[in-house]
Amino acid sequence: MGIFELKSTKKPSLIGKILKRTPKENALIEINNLFVENEKDLTKVTLEQIQEITERHKLKLKRKFKALRIELFRNYIHHCLKDHVIDDEEINTFLHLKKLLHLTDAEIRQVIKFETNKLYDQEVKKAVSDGVLTEEEKTNLELLKKNLLLQDEIASDILKTNSEKILKNFINDAISDERLSDEEYQKLEEISLSLGIEPSLNSKTRENLERYHLYWTIENGELPILRNPPINIQKSENLYFMTDVIWKEQRRVTKRINYSGPTARIKIAKGVYYRMGSISAKSVSEDVWQVIDSGSIYLTNKRLIFMGARGNKTIRLNKILDIKPYKNGVDIQKDTGKSPFLEFGDNVDIFSMIIVRLMNEI
C-alpha cells in the first residue's frame, strides 16, 4: 500500500460552474496526487510545481487548509515509522515537505513527536503486557528509542505510565474478591521488580492489600500468633487476637407506664392540664443491652478470655453456637447462660474470621 491515496477532484457547485470557479480544496487534492506520483522520492516534487497548482486555484496555501497540509505530512511520517527507524534520508524529506506544505518547525515537531510517541507507546504496551520486561525487550526498547530520536525522559515516562497501568490492573483483578493470596502477593512483587516500578498506591489501597492478604491467610494459611501474651495462658494455647471491649448483656427493663383513654386534655391553669383518661397499671418492658463491664478480650485456640474491671470471664469456644458481627462489635451466642455483646470498633472483621475458623477446627 502506498504512502498517499490517489483522490478524485471535487466538482464545482452550480454557482461555481456559473462563475467558473473550482473548489479550492482541489488544490490540496492535486498536491496529494502529485505526491502519489513521486512517493518513491518526494524530494523530486518542486516548490514551483506547488506554486503552479495554488496559483491556478487562486489559493494562498500558507493561510488555508492547515489541517489537510498537516495530514499529508503525517501520512509520510506514519510510513517512515513502519520500520521503527527515522534515518537521515527521511529527515531530509521531512524538511523538504515542510517547505512544500508551508509548515512551521513547531507544527512538524508536534506531528513527529505525536507519531513517534504513539509508536513507542504501542511497543511498550506489548513488552509489558505480561507483567515481565525481559533483557531482550529492554534492549529492543532502547534501540527503538534511539532510532526514533526520542528523548530519554519521554521514553521513561511512557514506560512508567504503561508499567503502572499493568500493575494497577493486576492489583484490581487480584483483590476483586477481597482476598490476596500468597501467590498473588508474590506476583505483585515480581511485576513491580521486573518493570522497575514501585506501586503508586495511596494509603487506603495499601491498607486494603494488607488486610485482604490477612483475610486469605486467616482462611487458608497459618493463623498469625501474637507472641508474648500479656496474660497467663496454657502451654497448649496460642493467642490470636486481643483488644479492649465493653461487655454488654441483655436485661429486661420497664420503659414506661401506659396511659389509656382519650387523648384530649383541658387546661386548668397556666401549664397545668386535666387529661381525659386514666393511668393503666400495665407496664411495658423490653430487652435492652446494658453495660456489664469493660476490659480486654483475648482469643486463643481454646477459649475467649475477658479481663474486666469488675471481674474476669471465660467462654470456651466449643460452647459458642454462633457469632453475629456488627460494625461496632460481635454478638456471641452461647449454648447456656447470658450471651454477651462485645462492643469494639477496630478489626471486628479480623476477630470474626479468626474465631469462625477456630470454631470450625474444634
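Bear in mind that the values in this text are calculations on the coordinates, not laboratory data. Just so you know, these numbers come straight off a predicted model, no measurement behind them. Don't worry about glycine lacking a Cβ; one is built from the backbone with ideal geometry, like all the others, and counts go over all protein chains shown.
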**Long pairs among 66/168; 125/204; 7/66; 98/126; 62/126; 113/138, criterion Cα-Cα beyond 30 Å** = 66/168; 98/126; 62/126
**Request:** Can you tell me the 0 to 90 degree angle between the C-alpha axis of helix 66-80 and the longest principal axis of the chain, rounded to 10?
**Result:** 90 degrees
**Request:** Please work out the FRET efficiency for the pair residue 129 and residue 219, using the Cβ-Cβ distance as r and a Förster radius of 35 Å; give the result to the nearest 0.05.
**Result:** 0.65
**Prompt:** Roughly how large, in nm² to one decimal, is the mean projection of the convex hull of the alpha-carbon atoms in the chain?
**Reply:** 42.3 nm²
**Request:** Just grab the label-to-label distance for residue 149 and residue 286, each label 7 Å out from Cα along the Cβ direction, in nm (one decimal).
**Result:** 8.1 nm
**Item:** Ranking of 216, 289, 247 by count of other Cβ atoms within 10 Å, fewest first
**Value:** 289, 216, 247
**Asked** What does segment 126-220 give for Rg and for Dmax, in Å, if only its C-alpha atoms count?
**Response** 15.7, 53
**Point-charge dipole on Cβ atoms (K/R +1, D/E -1) for the chain, about Cα centre, debye to 20** = 3220 debye
**Asked** Computed over the Cα atoms of segment 14-103, what is the ratio Rg over Rh, Rh following Kirkwood?
**Response** 1.03
